[in-house]
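> Take this structure first; my questions come after.
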Amino acid sequence: MTRLIDYLQANMKMLVIVCYVGLVAIATYSATVDTHHAHTWVEHNVPFFWSIFGFCAAAIIIGIASWFGKSGIRVDEDYYDSSIWLDDES
């Protein structure tokens, strides 16, 4: 796994190009999907609805997780090394 990460870091420009090509492929496919049998007005009339919905949902989940982490779940690395917990016998 570390070799894969090192390879991707070394070829960052190629990775970005591949991601953009994938994004364009998804957008192209989304634009060509037949919306004749759409279940809701939004699906029928808003282009790229599910792509936009998925992106917004992921951004909201990441934002909530970040806020939740900063609110107290994540602690400093030296949290347990604090001098409060050390016995002073002097």
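> If you go through the range 16-25 one residue at a time, do you hit one that is in a helix (DSSP H, G or I), under 19 Å from the mean Cα position of the chain (by Cα) and aromatic (Phe, Trp, Tyr)?
yes
> Within the range 39-62, can you find the residues that are under 14 Å from the mean Cα position of the chain (by Cα) and among the aromatic types (Phe, Trp, Tyr)?
Phe53, Phe55
> Of all the residues that make up the range 28-41, how many are modelled with pLDDT under 85 and under 12 Å from Ser51 (Cα atoms)?
Of the residues in that region, 2 qualify.
The values are calculated or read from the model by the stated rules, or taken from the named source; none is laboratory data. As the structure is a computational prediction, the values presented were derived from the model and not from experiment.
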